[in-house]
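We did not get these values from a lab; they are worked out from the coordinates using the rules stated. Keep in mind the model is a prediction, meaning the values are calculated, not measured. Methodologically, a virtual Cβ is constructed for each residue, glycine included, from the backbone with ideal geometry; neighbour enumeration extends over all protein chains shown.
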């Protein structure tokens, strides 16, 4: 489902003396449908950079990222937008939403964008918010005022509302209590069971051991860090 | 899929000075594109060339018309271009007073656009106007007030209602949230996003506010000195800018 081939990346800081920082070289791996792969490596090894490149958020210098028939590294913005709408989900650590939009609408949005009826989309959003223990009295409010943990759970509900065939998870269990952590791990297991290909960053080792089928050390792709 | 708008090699010069030059892109149905750049970068000149307010010195602006497919609006006859301006296109000005008739009631401002495309029944025009005032969150009891009695944010929402009432397919926006309070901006952004999704609109938004494009635009074009220096997915251009100018622009934003 996800095929990464000879992927490399460097940052050029034009306004800081044109410094070039190579951050990744020759990244290559595959993730099959129904498989969860964990990215490991010390801070700065390039785990988040790799995730962002898979999502098309960072531009690849060379190489390929093939997801659902689209090469993210070379695709037109329009193709990446369609991929993100229908195939590739991303649960980041930060919630970024238009102020004033209610939590229920934020969570239902991925379903509305893919043509689901409003009733069905909101029913699914309610179910997820309830499962993730967001109090019902908050559903009509904008999540911008929520606590960090609540925002994180809203983000997860949004990421799992639509059944993406491929999912990227950046620290999905960070800052969650035991109950909610268990809910999130179950959501990940359910997604695997329906055939989603998942790439995740988990600092929570127990969580990683439970849901990941194998791990990839990002340091292997870091210039100057490989053993 | 046919692009809704196909722009090829558009250039506009003011004497020897460059307004904008060598601009090409395709805009597809349902896409929202942002154009950012500092004052004088040529973004408004470009928008006015695309919307038929200025005649470009070179290039083609092809629009997918309902009847004849892609047509070059630059070489089109004036009456045809005006018809597009009243039906398939809408233009939201930075200053609402440029897009509104200040001495006509709010209802009249919305109704006038409907009459321009042939609506004649007073009752149904007033009903449609009332419906649209509601959609942009203006109370129905303000329908007979003139825009001069409205706040800046209300005027801007009225301008949007006036523009969208005829169901356009492409909306040009010039700094639509400029000069508004941040709280009013948020409300307007939420409204615009909802309308874009419900009506399947395509839009081109010129702004210098990077936060606005991050929330509204799918794609981004960065201009400097009349040239396009970078294009791409909005989040990619903002999070991983490639060009020196874009890097400067992104790093110059004050963090709240």
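With the contact rule set at Cα under 8 Å and sequence spacing of 6 or more, what percent relative contact order holds for chain B?
It rounds to 26 percent for chain B.
Of all the C-alpha pairs in region B:5-253, what % are more than 23 Å from each other?
51 percent
Roughly speaking, what is the stretch gain from residue A:32 to residue A:74, that is 0.36 nm per residue apart minus the C-alpha to C-alpha distance, in nm to one decimal?
This chain segment gains 13.0 nm when fully extended.
Can you give the average number of partner chain beta-carbon atoms within 10 Å of each beta-carbon in peptide B:184-190, as a whole number?
Counting Cβ atoms of other protein chains within 10 Å of each residue's Cβ and averaging gives 3.
In whole Å, what three semi-axes, largest first, describe the equivalent ellipsoid of region B:1-106 built from its Cα gyration tensor (square root of 5 times each eigenvalue)?
21, 20, 14
Using 7 Å Cα-to-Cβ label points, what is the residue A:113/residue B:211 separation (nm, one decimal)?
2.1 nm
For A:187-199, what's the mean count of beta carbons from other chains sitting within 10 Å of each residue's beta carbon?
Whole-number average of other-chain Cβ neighbours for A:187-199 is 0.
Would you compute, from DSSP H runs of 4+ residues alone, the mean residue ellipticity of the protein assembly as shown at 222 nm, taking -39500 (n - 2.57) per run and dividing by the full residue count, rounded to the nearest 500?
-11000 deg cm²/dmol
Using only C-alpha atoms and all pairs of different ones, pull out the Kirkwood radius for region A:1-119 in Å with one decimal.
For region A:1-119, inverting the mean 1/r across all distinct Cα pairs yields 16.3 Å.
Under the 0.36 nm per residue contour assumption, what length would be gained going from the current alpha-carbon distance of residue B:151 and residue B:122 to full extension?
Here the answer is 7.7 nm.
What does the extension gain come out to for residue A:182 and residue A:194, with contour length at 0.36 nm per residue minus their alpha carbon separation?
Full-extension gain reported as 2.5 nm.
In what order do B:66, B:43, A:9, A:192 fall by count of nearby beta-carbon atoms within 10 Å, going from fewest to most?
B:66, A:192, A:9, B:43
Can you tell me which of B:149, B:217, B:11 moves the most in a GNM of chain B? Springs connect C-alpha atoms under 10 Å apart.
B:149
Among the DSSP beta bridges whose two residues both lie in region B:5-253, what percent are antiparallel, rounded to the nearest 5?
Taking every DSSP beta bridge within region B:5-253, about 55 percent pair in antiparallel fashion.
Mind jotting down the three principal axis lengths of the protein assembly as shown based on Cα atoms? Whole angstrom, largest first.
For the protein assembly as shown, the Cα extents along the three principal axes come out at 71, 56, 42 Å.
How far apart, in nanometres, would the label points at residue B:248 and residue B:137 be if each is projected 7 angstrom from Cα along the Cα-to-Cβ direction?
3.7 nm
Given a Förster distance of 35 Å, report the FRET efficiency between residue A:123 and residue B:193 from their Cβ-Cβ distance, rounded to the nearest 0.05.
Computed FRET efficiency for residue A:123 and residue B:193: 0.95.
Can you give the mean number of other chain Cβ atoms that lie within 10 Å of the Cβ atoms in peptide B:238-249?
Other-chain Cβ atoms within 10 Å of each residue's Cβ, averaged: 3.
Find the relative contact order for chain A and round it to a whole percent, using C-alpha pairs within less than 8 Å whose residues are 6+ positions apart.
Normalised by residue count, the contact order of chain A is 30 percent.
Put a dot 7 Å past each Cα toward the Cβ at residue B:13 and residue A:11; how far apart are the dots in nm?
For the pair residue A:11/residue B:13, the computed spacing is 4.1 nm.
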